[in-house]
Amino acid sequence: MLEINDLHAGIGDREILRGISLRVNAGEVHAVMGPNGSGKSTLAQVLAGNPTYEVTGGSVTYNGQDLLEMDPEVRAQNGIFLAFQYPVEIPGVSNAYFLRSAYNEIRKAKGQEEVDPLEFLDLVEQKLKLVDMDESMLSRSVNQGFSGGEKKRNEIFQMAVLAPRLAILDETDSGLDIDALRIVAEGVNKLRSPENATIVVTHYQRLLNYIVPDFVHVLASGRIVKSGGKELALELEEKGYDWLQNTATAGSAGAVA
Amino acid sequence: MSDIAATIPLEVEAARPRSERGVAVRAPGAIEIYRQDFDRQPAAPRWLQSLREHGFARFEALGFPTTKNEDWHFTSVAPISEQPFTLASLTDATAATGSERREAPRRKADAFGQLGVRPADVEGFGFGESGWHTLVFVNGAYSPELSSADGEVVAGSLAHAIEAGNPAVERYLGRIATFDQHAFTALNTAFVEDGAFIEILPEAVVELPIHLVFVSEGDTVSHPRNLIVAGRHSRATVVETYVSLRDGTYFTNAVTEVVVGEGAHLDHYKIQRESELAFHVGTVQAKQEANSQFHSFSFAVGGSLARTNIYTALDGDAATCTLNGLYLTDGSQHIDNQTSIEHIAPNCPSHEVYKGVLDGRSHGVFNGKVYVHPEAQKTDGKQSNNNLLLSPQARIDTKPQLEIFADDVKCTHGATVGRLDDVAMFYLNSRGIGPERARTLLTYAFAADVLESIELAAVRESLEKAVLSRFSA
């Protein structure tokens, strides 16, 4: 589904990703871990097409297409979804209007008919339950006045409605209490399927107790320094990131799978 | 009412000519044209004739404001002062009925036929609600044929009220809208003839809004003058809409005087949707008595050069006001919004939010004055002005102005100027919404925020639609 090859990217003259290679197949969940500043959020943003970052080398192929050539909205229309670390507040636009616009843009891109507000309401009702949110949130402005937990749940709610093929969760666990974490993780797990893939970007192992990954990759200084199975996350939790940074000879070793 | 009477400038003769005040004297041409029309005006009752004369004398003394005048620093009115507008009521009447223009009712009937404004047009200027009290003015003259106001309210033509000798008219007209320093108000006062007169009786609650529709076209000038008197503990909503049927280079110079009696609650909306070639100066000036509430919303989108002044004086204990507004400019438009809140009495809260969205090579101006008198302790004033620039050539000059002479007050103000947020843009893009649509949504959101403060659902929804369609590429 996704093939990243020797990806280099940064902001201005500062290179943040320094040769990332990673392959993600349908049905898989990959965890990308690493200390602050290792480049894991940059990877998530670059995959979603954030124009702040400049890709300086390498390639990314998504379902056989050149992902880097696609505008961010085209990526979304082709099934890529980024759950933001810091979801954006948009005063004056209701969640319902925002999400229906997104939903319909994606449908239009697929040559499908747009849905009207009533049809849309039917569609989102059960998705709201998935993240334990009340219908009243639909009429509130996007993320405005939401608590940290509500914002993250709203990201997962959007993901549930937009039904992406490749979901990228950027530090979705940061700032969540244990209850919210469980709700968010359950939401993600219910959306797992053999056709979809998920990349979970996280600093802590905690989230991976709930969203169990098939593969774990550790980033340091813009490179993947170690890849392994879910037990790698536990090992990291025990030994800390220093353990790998000190033995970062793995260099730009590609991922398994 | 002696306090009000004191504000009328009766020493007009004593005013020094402009040249002595060090202000450049402009070419006399345009003022001379106004003088000719002033002399041609039909006769009025003595008190009104005297008011008009004071108005004209003051206008002649002040002349058109220049950018050296602090209140006009960012707005040059040269396009207005250099154009020889003639008075609409004279030209319309001449064309329609020849020499019979003195006969007011006949002239108005003919104005309807001549300018071709139809009831269906007026309906289009409404807010999709039926049953509102609607008064329609064509180039400033009341049109009974197009209007519908039932007996629930005293709302009708000012010209009729003057003719009928309504005592409230003589009592208040020219007493609220001061013209000693305001040239356009002085000019309007010189030409007081018609407009709306609305009297809400004490304790009366007028459920349905009163809608004043000013339809203009051609290349003339009209000076609509409105007087709204809200009696003690009364409640009403007045909407003023300024529109045109066709592109015209006309000039509307409107003044609305508002008396908000003790404990009264008046909601006022000014919807400025003039022709994009037109000139508009509109002043709403209120005086609030104790415990009264005055809520104003000003929407400005039309005109090539447009200026709106919303002024209120909190002249009684615990009077409240909100002055909110939204201006949308594009092309080469120049839209200026000036507000003034004068805290005269103590314990008065005032709230103000103005937002602007500026595109093309347009120029917006906001000037918000809050003046707190020494007696006005416990004043609670909040003001903000936020602007969104959609193009690199668009320009905004914003100037919050606080003058505080009391020591126990809370006053805040702030102004922002920004462009569309890149992070929000990317957020929308990442959800599948392309740049054009995202720009529409974000711009709409910025503007809709202040529309949410509109109490009257029909107006709020209508403006939301107007804003959305304007920003839909």
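The values are calculated or read from the model by the stated rules, or taken from the named source; none is laboratory data. Remember, predicted model here, so these are calculated numbers, not experimental data. Positions of Cβ are backbone-derived with ideal geometry, glycine not excepted, and every protein chain shown enters the neighbour counts. With ligands, DNA and RNA removed, areas are computed over all heavy atoms of the protein, side chains included. Shrake-Rupley method; radii C 1.70, N 1.55, O 1.52, S 1.80 Å.
Total Lys pairs in chain B closer than 20 Å by alpha-carbon, pairs eight or more apart in sequence or interchain only?
Number of lysine pairs found: 21.
By DSSP, what percent of the beta bridges with both residues in chain B are antiparallel, rounded to the nearest 5? All intermediate terms of the calculation are to be shown ahead of the outcome.
Details: 7 of 137 bridges.
Around 5 percent antiparallel, to the nearest 5.
Leaving ligands and nucleic acids out of the surface, order B:121, A:132, A:173, B:421 by accessible area at 1.4 Å, largest first.
Details: B:121 45, A:132 100, A:173 5, B:421 75 Å².
The ranking, largest first, comes out as A:132, B:421, B:121, A:173.
Using only Cα atoms, what Kirkwood radius does chain A have, in angstroms?
Taking every pair of different Cα atoms in chain A, averaging 1/r and inverting gives 18.7 Å.
Of B:301, A:90, A:111, which is farthest on the positive side of the dipole of the protein assembly as shown, counting Cα position, with +1 on Lys and Arg Cβ, -1 on Asp and Glu Cβ, and the Cα centre as origin?
Value computed over the given set: A:111.
Report the one residue of B:54, B:333, A:26 whose Cα lies farthest in the direction of the positive end of the charge dipole of the protein assembly as shown (charges on C-beta: Lys and Arg +1, Asp and Glu -1; origin at the Cα centre).
Of B:54, B:333, A:26, it is A:26.
Put A:107, A:14 in order of accessible area, largest first, 1.4 Å probe: what do you get? Walk me through the numbers before you get to the answer.
Working: A:107 55, A:14 150 Å².
Ranked list, largest accessible area first: A:14, A:107.
Once the whole set of protein chains is in place, how much accessible area is left on residue A:125, using a 1.4 Å probe, in Å² to the nearest 10?
About 70 Å², rounded to the nearest 10.
Once the dipole of segment B:282-440 is set up with Lys and Arg at +1 and Asp and Glu at -1 on Cβ about the Cα centre, which of B:428, B:314, B:394 lies farthest towards its positive end?
Of the options given, the answer is B:428.
Can you quote the Å³ per residue value for the convex hull of the Cα atoms in segment B:179-279, rounded to an integer?
It is 98 Å³ per residue.
Using a 1.4 Å probe and counting only protein heavy atoms, arrange B:413, B:268, B:182 so the residue with the most accessible area comes first.
B:413, B:182, B:268
From other protein chains only, count the Cβ atoms within 10 Å of every residue's Cβ in B:419-427, then give the mean.
Mean partner-chain Cβ count within 10 Å for B:419-427: 5.
Here are some pairs, A:151/A:190; A:40/A:151; A:127/A:226; which of them have Cα atoms lying more than 30 Å apart in this structure?
The pairs that break the limit, which is 30 Å between Cα atoms, are A:127/A:226.
Rolling a 1.4 angstrom probe over the protein chains, ignoring ligands and nucleic acids, what is the accessible area of residue A:182 in square angstrom, nearest 10?
100
Note down the relative contact order for segment B:218-320 as a percent, whole number, built from C-alpha pairs under 8 angstrom at least six residues apart.
27
Give me the Kirkwood hydrodynamic radius of segment A:1-77 in Å, from all C-alpha pairs, to one decimal place?
Hydrodynamic radius (Kirkwood, Cα pairs) of segment A:1-77 is 12.8 Å.
Determine the dipole magnitude for chain B: charges of +1 sit on the beta-carbon of Lys and Arg, -1 on that of Asp and Glu, nothing else is charged, the reference point is the Cα centre, and the result goes in debye to the nearest 20.
900
Going through segment B:279-377, which GluC sites (Glu not before Pro) have at most 13 other Cβ atoms within 10 Å and a DSSP loop state? Please list the in-between numbers first.
Numbers: sites: B:289, B:342, B:352, B:375; in loops: B:289, B:375.
Sparse-neighbourhood loop GluC sites (Glu not before Pro): B:375.
Which aspartates and glutamates have a Cα lying under 15 Å from the Cα of residue A:110, excluding residues fewer than 8 positions away in the same chain?
A:73
Explain nothing, just compute: Karplus ³J(HN,Hα) = 6.51 cos²θ - 1.76 cosθ + 1.60, θ = phi - 60°, for every residue of segment B:294-306 in order, whole Hz, x for Gly and Pro.
In residue order, the calculated couplings are 10, 10, 10, 10, 10, 10, 10, 9, x, x, 7, 9, 9 Hz.
Considering only the protein assembly as shown, what is the antiparallel percent among its DSSP beta bridges, to the nearest 5?
15
Under unit Cβ charges (Lys, Arg +1; Asp, Glu -1), what dipole magnitude, rounded to 20 debye, does segment B:386-473 have relative to its Cα centre? List each step's numbers first, then the result.
Values: 10 positive and 12 negative charges, 104 e Å.
So the dipole magnitude of segment B:386-473 works out to roughly 500 debye.
What is the Rg over Rh value, at two decimals, for the protein assembly as shown, using alpha-carbon atoms and the Kirkwood definition of Rh?
My calculation puts Rg/Rh at 1.10.
On the full set of protein chains, 1.4 Å probe, figure out the accessible area of residue B:233 and give it in Å² to the nearest 10.
Accessible area of residue B:233: about 80 Å².
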